[in-house]
């Protein structure tokens, strides 16, 4: 089997021990194969009652702790996890399956391959349901937006991102979708002067909220949203469309 990056991964016929280094993949496995999940990062917050060994962060995982768990497979992501960590685990003989997801369509395809190939199970019902939820084209009003993800310095969603594709599927065009960088640093005066219809403020990675962020964009409509609904690819996709449409209305 080859993962999303084209690397061959030796997966045993039966998978009973999985370590996930990506919060959305952790939630996906917990909802599908809860007994198989043995390790996850400190940032894996869903489900709330997740009781597995914690193995550090997405950018600084405890590689020795992962090796001690002797997982059948480690699930990672090309954007969220560092290549040196993935390579170190593979060098130690640990199978690592790397996903690459930059669009909704890639999410559905990648997750289906991950479950059937890396987890040795069938495509879960929630993933099929999510596909149906997002199948219908958006027919509402079209708007433009900037999507900050950090402040001090201000950073926004740029080109080729899952977040940008989700918003595009909801009729919201990212004004920085053509920027050379995926997450460029943009001075606040430029952001405020770009003339967006909306400023979409997810609560992760920076915790924007009703009281932290909107004050920087006087005169513009600011929409705080759940980062899980906007940036995660997993069971949240079944509810994300309706919730985001309601928030962006």
*Using only alpha carbons, build the gyration tensor for the range 18-123 and give me the equivalent ellipsoid semi-axes, biggest first, whole Å.*
19, 16, 13
_Ranked 51, 105, 197, criterion: other C-beta atoms within 10 Å, fewest first_ = 51, 105, 197
*Using 0.36 nm per residue of separation minus the Cα-Cα distance, give me the extension gain between residue 10 and residue 173 in nm, one decimal.*
54.6 nm
*asked:* Running a GNM on the chain with Cα contacts under 10 Å, which residue among 77, 174, 60 ends up with the highest mean-square fluctuation?
replied: 60
_Overall form of the range 7-66 per C-alpha gyration tensor (a/c, 1.5; a/b vs b/c)_ = oblate
*Ranked by Cβ crowding within 10 angstrom, fewest neighbours first, how are 181, 102 ordered?*
181, 102
_Potential lengthening between residue 188 and residue 78 on full extension [0.36 nm per residue; Cα-Cα distance subtracted]_ = 36.7 nm
*Note the angle between two axes, namely the Cα long axis of helix 23-32 and the longest principal axis of the Cα atoms of the chain, as a number of degrees from 0 to 90, rounded to the nearest 10.*
60 degrees
*asked:* What would the Debye equation give as log₁₀ I(q)/I(0) for the chain at q = 0.12, 0.18 Å⁻¹, counting only Cα atoms as equal point scatterers?
replied: -0.71, -1.35
_Gaussian network model of the chain, Cα within-10 Å springs - most flexible of 148, 235, 196_ = 196
*Counting DSSP beta bridges with both ends in the chain, the antiparallel % (nearest 5)*: 20 percent
*Per residue of the chain, what 222 nm ellipticity follows from adding -39500 (n - 2.57) for every DSSP H run with n ≥ 4, rounded to the nearest 500?*
-8000 deg cm²/dmol
*Treating the angle as unsigned and between 0 and 90°, give the value, to the nearest 10°, between the Cα long axis of helix 237-248 and the longest Cα principal axis of the chain.*
10 degrees
*Quickly work out the residue 197-to-residue 211 label distance, labels modelled 7 Å from Cα along the C-beta direction, and quote it in nm with one decimal.*
3.1 nm
*Considering only the range 143-248, percent of DSSP beta bridges that pair antiparallel, nearest 5*: 30 percent
_In nm, spacing of pseudo-spin labels at residue 125 and residue 50 (7 Å Cα→C-beta vector)_ = 2.3 nm
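Can you give the % of DSSP beta bridges in the range 18-123 that are antiparallel, to the nearest 5?
Approximately 10 percent, going by the DSSP bridge assignments.
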_Between 0 and 90 degrees, rounded to the nearest ten: what's the tilt of helix 104-113 against the longest Cα principal axis of the chain?_
10 degrees
*Can you list the residues of the range 1-44 with backbone N under 17 Å from a point 7 Å past the Cα of residue 88, pointing along Cα to Cβ?*
20-22, 40-42
_Counting other beta carbons within 10 Å of each residue's own, what order do 38, 211 fall into, fewest first?_
211, 38
*Of 80, 13, 190, which has the largest mean-square fluctuation in a 10 Å C-alpha GNM of the chain?*
190
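Every read-out reported here was derived from the displayed coordinates using simple, explicitly stated rules and does not represent laboratory data. Model, not experiment: these values are computed from the prediction. As a convention, Cβ positions derive from the backbone with ideal geometry for all residues, glycine included, and neighbour counts pool all protein chains shown.
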